[in-house]
1. Which percent, to the nearest 5, of DSSP beta bridges fully inside the chain are antiparallel?
2. Cα convex hull of the range 193-314: how many Å³ per residue?
3. Measuring from label point to label point, each 7 Å out along Cα→Cβ, what is the S81 to A54 span in nm?
4. Multiply the residue separation of R152 and K177 by 0.36 nm, subtract the distance between their alpha-carbon atoms, and state the gained length in nm to one decimal.
5. Hey, any idea what % of the range 231-314's accessible area is carbon plus sulfur with a 1.4 Å probe?
6. D68 label point, 7 Å along Cα→Cβ, cut-off 20 Å on backbone N: hits in the range 28-61?
7. What figure, in Å² to the nearest 10, do you get for the accessible area of K153 with a 1.4 Å probe and non-protein molecules left out?
8. Any chance you could get the radius of gyration and Dmax over the Cα atoms of the range 57-178, in Å?
Amino acid sequence: MSNRAGWLGLLLAAATLGGCGLGPGNGPDGNVRLTVTRDFGARQIVGIDPAKTAGSDTVMRVLQRNVDKVSTRFGGGFVQSINGVSGGRHAGRPVDWFIYVNGIQTEKGATSVDVHGGDRIWWDHHDWGATPDIPAIVGSFPEPFEHGSDGRKLPVRVECSAPQSGPCDVVANKLTKLGIVAGRSNLGSTPAAKTLRVLVGPWNRLRSRDPEAVSIDSGPRSSGVFARFAGAGDELVVLDERGRPARTLGAGTGLVAATKVADREPVWYITGTDDAGVASAARAFDEPVLENHFALAISHDLPLRVPLTGTQSP
């Protein structure tokens, strides 16, 4: 997906982003939510809960079943526009439709992704010039904790820099109230490829103990997260949709973000510039707060969308 030069690149993009190929669904057995947004979730176009589904559905079929104005390309496998919002270029920048199921970017085309009970399907139209790959987002919470990925529930583990701290308790208790069984441990446990991990603690401690944190420090092209900690981790730089610094936040700043490395399950970070920032991030670990956010910065309990798009006032 990172190489889009030429016609072959466009065809590959169609297969990955918009859905190329055919495949029957397994049939959703419960409520399915459909969300369609623009600009990294900043503007909602469609929100249907529950969405209309049939006995055998794919992500593409659910979209077409619930939204009247859907145009496609490449034999119907690639979504070109939804409600008049099209992929291509806008103001000289590349834009397109991207698909997330339970907060995880799809690795297959929309016509090849089966829909399962409880799935949250999210289409977002955004600028992909900074990166075409945003592998995991937080705005579908409590997914993927409740229903997992591809119809499989995932084992969950909460890893904390201070396991007896208030933020660690807040995160663990939230999952427990949702009926999610989660293990709990110190930082530094050996990462398990098929475990959904939630890391809680100040960034300077997570960074030194978690091997996957380096992707966030390396910027959105590595992690899909449009924010990075500066210096010793005592400042958070929030980026705009082009990957440029937009705001720098200091003491008391928290971050709720997720990423996914290779074939591992997502890692969520409930972190911050200091203990106060981590406490703010833990309080934001809640569905109404995270809804439709790719990631969320919190400065003294005031939320800030990540990335900071042109639709927001600083």
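1. Numbers: 49 of 72 bridges.
Beta bridges within the chain, antiparallel portion: roughly 70 percent.
2. On the way: hull volume 12.1 nm³, N = 122.
Dividing the Cα hull volume of the range 193-314 by its residues yields 99 Å³.
3. With each label placed 7 Å out from Cα toward Cβ, I get 2.6 nm.
4. Working: separation 25, 0.36 × 25 = 9.00 nm, distance 2.03 nm.
Once the chain is fully extended between R152 and K177, it gains 7.0 nm.
5. Working: 1540 of 3160 Å².
In the range 231-314, the share of accessible area belonging to carbon and sulfur is 49 percent.
6. The answer is 34-37, 44-53, 61, whose backbone nitrogens lie closer than 20 Å to the label point.
7. K153 has an accessible surface of roughly 150 Å² with all protein chains in place.
8. For the range 57-178, the Cα radius of gyration and maximum Cα-Cα distance read 17.4, 56 Å.
The values are calculated or read from the model by the stated rules, or taken from the named source; none is laboratory data. If you're wondering where the values come from, they're calculated on a predicted model, not measured in any experiment. Methodologically, a virtual Cβ is constructed for each residue, glycine included, from the backbone with ideal geometry; neighbour enumeration extends over all protein chains shown. The protein model used for the area step is the full one, side chains on, heavy atoms only, and it has no ligands, DNA or RNA in it. Shrake-Rupley method; radii C 1.70, N 1.55, O 1.52, S 1.80 Å.
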